[in-house]
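Colleague: Following this message is one structure expressed as structure tokens.
Just so it is clear, none of the values below were taken in a lab; they were calculated from the coordinates. Predicted model, so just to flag it, every value in this text is computed and none were measured. Please note: Cβ atoms are built from the backbone with ideal geometry, for glycine as well, and neighbour counts cover all protein chains shown.
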Amino acid sequence: MMNKIIILIAFSLAGAFVLGANIVSARQLGYVKDAAVLVSPYSLYVQNCARCHGSNGKAQTKLGRSLGAEDLTSSDVKEMSAERIARAITRGRGDMPAFGKKLNAKQIASIAQYVRSL
């Protein structure tokens with residue numbers, strides 16, 4: 001069992017190394033100006049939002065319930081423009097922290113579009 005875990009960790013690290021090398025290569029070749037473009041909106045959402053809003057956006061996490069996080073699948077959120085959602089992500093809203101210094105504008109815009117698709 002321990003050997004399987006070690007092998008899994010080794011393959012994960014190798015994959016991360018290869019992915020990182022590919023990002024640098026693509027940028028060096030001029031194909032990608034911003035490595036953040038290669039990160040999926042879903043990944044950005046999970047890394048930054050799912051802790052409170054949950055992976056499905058329904059805010060049914062322990063932390064989300066305790067903070068009163070908004071259900072991102074509600075009709076109220078669905079009616080918001082991507083720009084308004086992006087502003088909330090950038091500046092924060094209620095107990096939600098601002099992500100404007102942590103994420104760049106492209107990352108925030110991609111999360112906003114992802115939230116609208118929930």
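Colleague: With each label point set 7 Å from Cα along the Cα-Cβ vector, what nm distance links Ile9 and Leu63?
Modeller: 2.4 nm
Colleague: Further question: Measure off 7 Å from each Cα along the Cα-to-Cβ vector at Met96 and Ala82, then give the distance between these two points in nanometres to one decimal.
Modeller: 1.7 nm
Colleague: Pairs of alpha-carbon atoms within less than 8 angstrom and 6+ residues apart define the contacts here; what relative contact order does the range 39-118 have, in percent?
Modeller: On the way: 95 pairs, mean separation 23.1, N = 80.
With pairs under 8 Å counted, the relative contact order is 29 percent.
Colleague: To the nearest 20 debye, what is the magnitude of the charge dipole of the range 39-118 about its Cα centre, counting +1 on the Cβ of each Lys and Arg and -1 on the Cβ of each Asp and Glu?
Modeller: Result for the range 39-118 is approximately 240 debye, rounded to the nearest 20.
Colleague: Work out how far the C-alpha atoms of the range 39-118 reach from end to end along every principal axis, then list the three figures in whole Å, largest first.
Modeller: The Cα atoms of the range 39-118 stretch 29, 25, 23 Å along their principal axes.
Colleague: May I ask you to evaluate 6.51 cos²θ - 1.76 cosθ + 1.60, the Karplus curve with θ = phi - 60°, for each residue of the range 53-61 and list the ³J(HN,Hα) values in order in whole Hz, giving x for glycine and proline?
Modeller: 7, x, 5, 9, x, 7, 6, 9, 7
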